[in-house]
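Structure first, then comments.
Any read-out appearing in this document is the output of simple, stated calculations on the displayed coordinates, not a laboratory observation. A quick note: this is a predicted structure, and the numbers were derived from the prediction, not measured. Quick reminder, even Gly has a Cβ in these numbers, built from the backbone with ideal geometry, and neighbours come from all protein chains shown.
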Amino acid sequence: MASKKTVIIGATDKPGRYAFLAAQMLKEYGHPIVPMSIHKGQVSGEEIIELSSKPPIEGVDTVTMYINPLHQEEWADYIISLTPKRVIFNPGSENQGFIQQLNEAGIESVEACTLVMLRTNQY
């Protein structure tokens with residue numbers, strides 16, 4: 001199975017959060033991660049990148065969203081600029097307006113749980 005570089009929007013160093021579990025599980029399954037957030041910290045041995053710096057990232061396969069739709073708009077253009085193959089909207093992050101923008105940009109959008117996708121070999 002090919003590894004899929006995954007940007008985690010809303011990454012966290014808080015162990016009880018799904019974004020934390022996703023970072024661990026993605027690495028466990030052999031996928032390189034790029035954790036990004038407005039909060040500093042480390043997750044699964046990776047420094048969390050300050051989202052507002054909007055760094056260029058090469059070779060992004062997947063962006064997995066863990067932020068509320070209300071906070072997605074300011075990052076939408078940046079996420080599209082990463083040209084991922086797909087964006088996964090985890091439960092609670094679904095955003096029809098952003099999904100439409102992604103579709104118009106030729107980027108697949110998936111409303112699903114990253115953890116479940118990994119466990120069921122649908123990632």
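Being of a type outside the set (Ser, Thr, Tyr), in contact (Cβ under 8 Å) with a residue 12 or more places away in the chain and closer than 18 Å to Trp75 by Cβ is the filter here, so list the residues in region 42-55 that pass it.
Ile48, Ile49, Glu50, Leu51, Lys54
Would you check which residues across region 76-93 are farther than 21 Å from Arg17 by Cα and outside any strand (DSSP E or B) and list them? Let's see the steps before the verdict.
From region 76-93, those farther than 21 Å from Arg17 by Cα are 76-86; that's our starting set.
Scanning region 76-93 gives Ala76, Asp77, Tyr78, Ile79, Ile80, Ser81, Leu82, Thr83, Pro84, Lys85.
In region 27-46, what residues are outside any loop (DSSP other than H, G, I, E, B) and more than 15 Å from the chain's Cα centre (by Cα)? So that I can check it myself, show each step before the final result.
Of all residues in region 27-46, those outside any loop (DSSP other than H, G, I, E, B) come to 27-28, 33-37, 42-43, 46.
Listed by number, the residues that qualify are Glu28, Gln42.
Which of the residues belonging to region 47-66 are out of contact with any helix residue (DSSP H, G or I) (no Cβ under 8 Å at 6 or more places or on another chain) and either part of a strand (DSSP E or B) or under 15 Å from Ser93 (Cα atoms) (or both)?
Glu47, Ile49, Glu50, Thr62, Met65
I'd like to verify a number: residues in region 83-111 that are among the small types (Gly, Ala, Ser) and crowded, with 17+ Cβ neighbours inside 10 Å, how many?
Within region 83-111, residues that are among the small types (Gly, Ala, Ser) and crowded, with 17+ Cβ neighbours inside 10 Å number 2.
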